[in-house]
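Chemist: Encoded as structure tokens, here's the structure I'll be asking about.
Any read-out appearing in this document is the output of simple, stated calculations on the displayed coordinates, not a laboratory observation. Not measured: the values here are computed from a predicted model. Methodologically, a virtual Cβ is constructed for each residue, glycine included, from the backbone with ideal geometry; neighbour enumeration extends over all protein chains shown.
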Amino acid sequence: MRRFLLASLAIASFFSFAALSRGQDVVQTPPMGWNSWNYFASKVDDKGVRAAADELVATGMKDAGYIYVNIDDTWEGKRDENGVLHTNEKFPDMKALADYVHSKGLKLGIYSSPGPLTCAKYEGSYGHEEQDAKMYAEWGIDYLKYDLCGLRQVMDQQAPNDRVAQMKMMHDAYEKMGKALKATGRPIVYSLCQYGWDAVWEWGPQYGANLWRTTGDIRAAWDSVYSILSSQEGLQSYAGPGHWNDPDMLEVGNGRLNIRENRSHFSMWAMLAAPLLAGNDLPNMKPEIKEILTSKDVIAIDQDKLGKQGHRVYSEGEVDVWERELSGGAKAIAILNAGSDRYSTHPFHLSLEKLGLHGEQKGRDLWTGKDITLSDNMPLEIASHDILLVRIDKVK
């Protein structure tokens with residue numbers, strides 16, 4: 001019954017607001033850039049954002065496609081008597097910062113919440129949606145991450161124990177900001193961050209969303225990365241040009257992820273047609289992390305113009321086999337060893353039949369750059385948490 005009622009809410013508003021999903025021709029491929037939260041969190045400031053913009057250019061990441069420089073929570077100050085939200089002392093002039101980022105050929109993103117307060121207890125946009133959206137446009141903002149958590153208390157207070165009413169409040173809040181952004185006339189990417197509640201992939205585009213979180217927050221640990229990856233199965237039909245499933249930002253280069261885990265993390269986000277938003281310390285990035293983040297062949301999988309998200313075809317033991325259809329009839333195949341032992345299968349035998357392939361398949365190993373021929377039942381030894389990522393341009 002609950003499912004029926006919530007679906008009815010979405011359907012009822014579809015025709016009124018369907019134009020929102022067509023209103024802004026942005027992110028026809030998954031957005032790429034950098035976000036401040038994963039590494040800097042509340043320490044983000046104007047100087048750090050400028051440094052990130054500089055590093056995106058200097059490291060070649062901009063040339064690889066990373067163009068959004070996104071400020072997460074803690075930039076907000078207080079509202080004045082007219083309700084205008086001012087920045088805090090860490091960000092003395094947001095318009096000047098936007099101009100600086102734009103001068104580098106990059107775009108600037110910002111963060112807010114539909115609640116009175118943000119996750120970090122700074123000022124949210126509750127009751128000021130149109131005012132804030134107009135301000136973002138005047139500053140020159142290109143991307144908004146809109147985080148639900150500040151609205152949760154309001155939902156609990158106004159509709160205690162009423163899940164349907166709470167979900168309607170959430171829908172209304174995201175719809176309101178979607179309309180406000182569209183009304184500015186500026187093409188601002190709209191990112192819904194509400195952790196996949198109420199199957200957001202089914203209704204997000206109706207409210208102008210370009211991407212939506214499908215999961216809780218990622219951590220820089222293999223168990224978090226793999227858990228999120230596994231939870232994306234079945235969502236592939238909801239992704240496409242201009243609207244993307246978002247399994248959260250990249251943790252490549254953070255925490256205790258080893259080189260194999262970083263490589264697998266990046267590979268699988270590319271297979272998922274996920275936004276590639278780096279979250280590492282760019283000025284102190286190690287060469288091997290830069291090599292992963294700027295891999296043109298892997299980025300090309302993520303940015304493939306067909307826009308079809310990959311899916312898991314089968315698992316055997318602790319090895320997962322995924323595929324993604326690419327433009328021009330090409331295909332990407334990812335073979336991931338999720339096991340904890342160095343070689344959890346001795347070896348793994350690939351089934352081309354389960355992949356719907358017939359005969360030997362000539363492709364390229366995207367991490368070594370070498371040609372590879374896949375054959376049925378071929379033995380593969382892949383180290384723990386490592387991956388074999390193959391592109392086949394002429395599929396048999």
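Chemist: For the charge dipole of the chain, defined by +1 on Lys and Arg C-beta atoms and -1 on Asp and Glu C-beta atoms about the Cα centroid, which residue among S231, A270, T74 has the Cα displaced farthest towards the positive pole?
Modeler: Result: A270, furthest along the dipole toward the positive end.
Chemist: What distance in nm separates the two pseudo spin-label positions at K296 and A51, each 7 Å out from Cα along the beta-carbon direction?
Modeler: In this crude spin-label approximation the distance works out to 3.0 nm.
Chemist: Mind checking the log10 I(q)/I(0) for region 243-394 at q = 0.15 Å⁻¹? Debye, one equal scatterer per Cα, no solvent, two decimals.
Modeler: The computed values of log10 I(q)/I(0) come out as -0.77.
Chemist: If I build a Gaussian network model for the chain, linking alpha-carbon pairs within less than 10 angstrom, which residue out of H311, H358, H128 has the largest mean-square fluctuation?
Modeler: Result for the chain, Cα springs under 10 Å: H358 fluctuates most.
Chemist: Can you pull out the chymotrypsin sites (Phe, Trp or Tyr not before Pro) in region 319-396 that DSSP calls coil and that have at most 15 other Cβ atoms within 10 Å? It would help to have the intermediate numbers written out before the result.
Modeler: Details: sites: W322, Y343, F348, W367; in loops: Y343, W367.
Passing sites in region 319-396 are Y343.
Chemist: Another question, if that's okay. Just the ratio, please: alpha-carbon radius of gyration of the chain over 2.2 N^0.38 Å, N its number of residues. Walk me through the intermediate numbers first.
Modeler: Values: Rg = 21.5 Å, N = 396, 2.2 N^0.38 = 21.4 Å.
Here the answer is 1.01, to two decimals.
Chemist: Right, next: If you place +1 on the Cβ of every Lys and Arg and -1 on the Cβ of every Asp and Glu, how big does the dipole about the Cα centre of region 190-343 come out, in debye to the nearest 20? Numbers along the way, then the final one.
Modeler: Details: 14 positive and 21 negative charges, 76 e Å.
Once rounded to the nearest 20, the dipole reads 360 debye.
Chemist: Using only helices, what value at 222 nm comes out for the chain when you add -39,500 (n - 2.57) per DSSP H run of length 4 or more and divide by the total residues, to the nearest 500 deg cm²/dmol?
Modeler: Roughly -9500 deg cm²/dmol at 222 nm, from the helical runs in the chain.
Chemist: So, in nm, how far is label V26 from label E360 when the simple model puts each one 7 Å beyond its Cα toward the Cβ?
Modeler: Reported label-point gap for V26 and E360 is 4.9 nm.
Chemist: Still on this structure: Pulled fully out, how much extra length does the chain show between D99 and E233, if you take 0.36 nm times their separation in residues and subtract their Cα-Cα distance? Walk me through the intermediate numbers first.
Modeler: Details: separation 134, 0.36 × 134 = 48.24 nm, distance 4.01 nm.
In short, 44.2 nm is gained.
Chemist: Grab the Cα-Cα distance for N161 and A41, subtract it from 0.36 nm times how many residues apart they are, and report the gain in nm with one decimal.
Modeler: Working: separation 120, 0.36 × 120 = 43.20 nm, distance 3.25 nm.
Here the answer is 39.9 nm.
Chemist: Follow-up. Under a crude label model (7 Å from the Cα following the beta-carbon direction), how far is Q153 from A58 in nanometres?
Modeler: Inter-label distance under the simple model: 4.1 nm.
Chemist: Report the equivalent ellipsoid semi-axes for region 58-101 in whole Å, largest first, defined as the square roots of five times the eigenvalues of the gyration tensor built from alpha carbon atoms.
Modeler: On the way: eigenvalues 165, 20, 15 Å².
Its equivalent ellipsoid spans semi-axes of 29, 10, 9 Å.
Chemist: Reported to two decimal places, what Rg/Rh ratio describes region 10-163 when computed on Cα atoms with Rh from the Kirkwood expression? Before the final figure, lay out the partial values.
Modeler: Numbers: Rg = 16.9 Å, Rh = 16.9 Å.
Using Cα coordinates only, the ratio equals 1.00.
Chemist: Relative to the longest principal Cα axis of the chain, at what angle does helix 163-184 sit, 0 to 90 degrees, rounded to 10?
Modeler: 80 degrees
Chemist: If you don't mind, another one. Translational diffusion coefficient of region 190-318 at 10 °C, 1.306 mPa s, Stokes-Einstein with Kirkwood Rh over Cα pairs, in µm²/s as a whole number. Don't skip to the answer; put the middle values down first.
Modeler: Values: Rh = 15.1 Å.
The calculation lands on 105 µm²/s.
Chemist: Compute a Gaussian network model of the chain, connecting alpha carbons closer than 10 Å, and tell me which residue from P30, P283, P247 fluctuates the most.
Modeler: Taking springs between Cα atoms under 10 Å, the residue moving most is P283.
Chemist: What's the Kirkwood radius of region 263-340 in Å, using all Cα pairs? Please report the intermediate quantities before stating the final value.
Modeler: Working: mean 1/r = 0.0742 Å⁻¹.
Taking the inverse mean of 1/r over all distinct Cα pairs, region 263-340 comes out at 13.5 Å.
Chemist: Given charges of +1 on the Cβ of Lys and Arg and -1 on the Cβ of Asp and Glu, with all other atoms neutral, how large is the dipole of the chain about its Cα centre, in debye to the nearest 20?
Modeler: Working: 44 positive and 54 negative charges, 114 e Å.
Taking the Cα centre of the chain as origin, the dipole is about 540 debye.
Chemist: Continuing with this model, one more query. Towards the positive end of the charge dipole of the chain, with charges on Cβ (+1 Lys, Arg; -1 Asp, Glu), say which of Q309, A159, G279 has the farthest Cα.
Modeler: Q309
Chemist: Normalised by the empirical 2.2 N^0.38 Å for globular proteins, what value does the Cα Rg of region 311-392 take?
Modeler: Values: Rg = 12.0 Å, N = 82, 2.2 N^0.38 = 11.7 Å.
Taking N as the residue count of region 311-392, the ratio is 1.02.
Chemist: Looking at the chain, what % of its DSSP beta bridges pair antiparallel, to the nearest 5? Provide the component values of the computation, followed by the final result.
Modeler: Numbers: 30 of 53 bridges.
Looking only at bridges with both residues in the chain, the antiparallel portion is about 55 percent.
Chemist: Let me ask you something else. Net charge around S191, counting only other residues with Cβ within less than 10 Å of its Cβ (Lys, Arg = +1; Asp, Glu = -1)? Walk me through the numbers on the way to the answer.
Modeler: Details: positive: K145, R213; negative: D147, D246.
Value of the local net charge: 0.
Chemist: Using the Cα centre of the chain as origin and beta-carbon charges of +1 (Lys, Arg) and -1 (Asp, Glu), tell me which of L211, Q28, S103 is placed farthest towards the positive end of the dipole.
Modeler: Going by the Cα projections, it comes out as Q28.
Chemist: Quick check on region 102-171: what are the equivalent-ellipsoid semi-axes from the Cα gyration tensor, as sqrt(5λ), descending, whole Å? Please report the intermediate quantities before stating the final value.
Modeler: Working: eigenvalues 164, 23, 21 Å².
Equivalent ellipsoid of region 102-171: 29, 11, 10 Å, largest first.
Chemist: Could I ask something else about it? If I fit a long axis through the Cα atoms of helix 2-17 and take the longest principal axis of the Cα atoms of the chain, what angle between them do I get, 0 to 90°, rounded to 10?
Modeler: Compared with the principal axis, the helix lies near 70 degrees.
Chemist: How far, in degrees from 0 to 90, does helix 222-231 lean away from the longest principal axis of the Cα atoms of the chain, to the nearest 10?
Modeler: Approximately 90 degrees, to the nearest 10.
Chemist: Still on this structure, I have one more. So for region 2-213: antiparallel DSSP bridges make up what percent, rounded to the nearest 5? The partial results should precede the final answer.
Modeler: Details: 3 of 20 bridges.
Rounded to the nearest five, the antiparallel share is 15 percent.
Chemist: When you take every Cα atom in region 73-222, what is the radius of gyration, and what is Dmax, the widest Cα pair distance, in Å?
Modeler: In order Rg, Dmax, the Cα atoms of region 73-222 give 15.5, 50 Å.
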